[in-house]
Amino acid sequence: MLLWVPEDEDSDPFLERGDQLCDLISNDPRAEKSVKQLQSVVVTGQSDWLIHGLLPHFSSNLTAVRLSQDCSMGASDTSFTDLSRQCPNLKSLSINQTLATSEDLEEACKVWGDTLERLDIASIEDTRDWISPIIPAMKVLKALKLGSGCCVRAQEVKAIALAASPLEEIDLGDIYLSAAGDADEMDQALESMIDAHSPTLHILRLYGTDVGQPVMQSCKKARSLHTINLLLSYSPQASGVDDLLDACAGLDNFTGWFKDYSARWGEWEARRKTRGEAEQKRLRRDPTIYGLGT
């Protein structure tokens with residue numbers, strides 16, 4: 001068992017606590033073996049020191065990392081590339097704290113191109129295009145979730161449309177139009193993206209802009225769609241909404257404005273109710289477990 005009690009938090013700097021943990025693990029073969037055997041890591045709270053102390057001991061066994069909003073990858077400017085060297089088989093990465101830059105993440109994603117299936121990034125301060133450079137390397141990506149702090153322009157959407165790996169989930173939290181005339185270009189890019197991934201697309205969330213009719217038409221091609229969230233730049237006919245009932249038989253998680261236009265709202269509500277009941281059964285059967293990892 002690894003037992004470690006840090007010094008008083010007010011007097012013990014972040015790096016010192018992380019270094020203490022790192023040294024403790026290095027001097028305990030059983031602890032080091034345990035860390036190297038980790039397959040997933042979930043860290044919540046202000047635990048940057050924990051990542052700083054554990055990172056040097058992670059191994060290729062690690063396939064999933066999820067950090068909460070108040071936990072970063074540590075003090076190093078190369079934390080992601082360091083992680084990619086030690087853990088080249090990563091399948092899932094979820095970072096909820098705002099990153100200052102995307103350069104280090106971009107390079108790491110290229111290393112994980114053969115293994116990374118889920119990429120979930122909440123926010124990045126710099127607005128450079130880092131999506132277009134990584135997409136060609138992403139060979140098995142299934143889920144791409146970019147939060148409300150990740151600027152996504154038409155050029156990034158076009159790159160996602162060209163992804164070699166068929167995506168099952170696309171969640172774009174900050175679709176950005178630099179000028180009014182960009183709306184048509186964005187609609188065309190989104191239409192192409194949905195068309196490209198329609199055979200496998202299950203989840204589609206588009207935030208930050210209202211989309212046009214071509215985008216809604218493309219959604220009907222995604223017959224496996226079960227979740228959709230977007231806003232329209234026009235007022236649709238009832239058929240423009242209700243056609244999704246027939247085209248997407250599993251669509252049971254949808255935006256509230258459907259009610260304003262649907263002529264078959266009872267059918268939509270029945271689907272939502274069935275989904276809610278199934279979710280409650282699942283939660284009773286398999287309650288969520290929180291912790292460091294496995």
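What follows draws every value from the coordinates through simple rules; no lab data is involved. Given the structure is predicted, the values throughout are model-derived calculations rather than measurements. Here the Cβ positions follow ideal geometry from the backbone for every residue, glycine too, while neighbour counts run over all protein chains shown.
For this structure, a couple of remarks:
- Prolate/oblate/rounded call for the range 47-124, Cα gyration tensor, a/c under 1.5 rounded: rounded
- Residue-by-residue Karplus 3J(HN,Hα) for the range 205-211, coefficients 6.51, -1.76, 1.60, Hz, glycine and proline x: 10, 10, 10, x, 8, 8, 9
- For the listed residue pairs 33/281; 36/158; 110/281; 259/281; 91/259; 110/221, the alpha carbons are over 32 angstrom apart in 33/281; 36/158; 110/281; 91/259.
- With the convex hull of the Cα atoms taken as the outline of the range 190-294, the averaged projected area works out to 8.5 nm².
- Theoretical ellipticity at 222 nm over the chain - DSSP helices of four or more residues, -39500 (n - 2.57) apiece, nearest 500: -11500 deg cm²/dmol
- Spatial offset of the range 90-156 relative to the range 197-242 amounts to 23 Å, using the alpha carbon center of each.
- Candidates 233, 179, 261 compared by Cα position along the dipole of the range 152-294: farthest toward the positive end lies 261, with charges placed on Cβ.
- Rounded to 5, percent antiparallel among DSSP beta bridges of the chain: 5
- Most to least packed among 186-199, 156-169 [average Cβ atoms within 10 Å]: 186-199, 156-169
- Set of the range 112-127 residues, backbone N closer than 14 Å to the point 7 Å along the Cα-Cβ line of residue 178: 127
- Candidate values [x] 19.3; [y] 17.1; [z] 15.9 were compared with mean projected area of the Cα convex hull in nm² computed on the shown model; the agreeing label is [y].
- Value of relative contact order over the chain, rounded to a whole percent, pairs C-alpha under 8 Å and six or more apart: 11
- Here the residues 203, 121, ranked from fewest to most Cβ neighbours within 10 Å of their Cβ, fall in the order 203, 121.
- Length gained on full extension, residue 33 to residue 164, computed as 0.36 nm times the residue gap minus the Cα-Cα distance: 43.5 nm.
- Close amide H pairs (under 5 Å, H built 1.01 Å from N) link residue 228 with 204, 253, 254, 255, residues at least 5 positions away or on another chain.
- Residue 101 paired with residue 23, simple spin-label distance in nm, labels 7 Å along Cα-to-beta-carbon: 3.1
- Around the Cα centre of the chain, unit charges on the Cβ atoms of Lys, Arg, Asp and Glu (plus for the first two, minus for the last two) sum to a dipole of about 1600 debye.
- Here the Karplus curve 6.51 cos²θ - 1.76 cosθ + 1.60, taken at θ = phi - 60°, turns the phi angles of the range 43-53 into couplings of 10, 10, x, 7, 10, 4, 4, 5, 5, 4, x Hz, with x standing for Gly and Pro.
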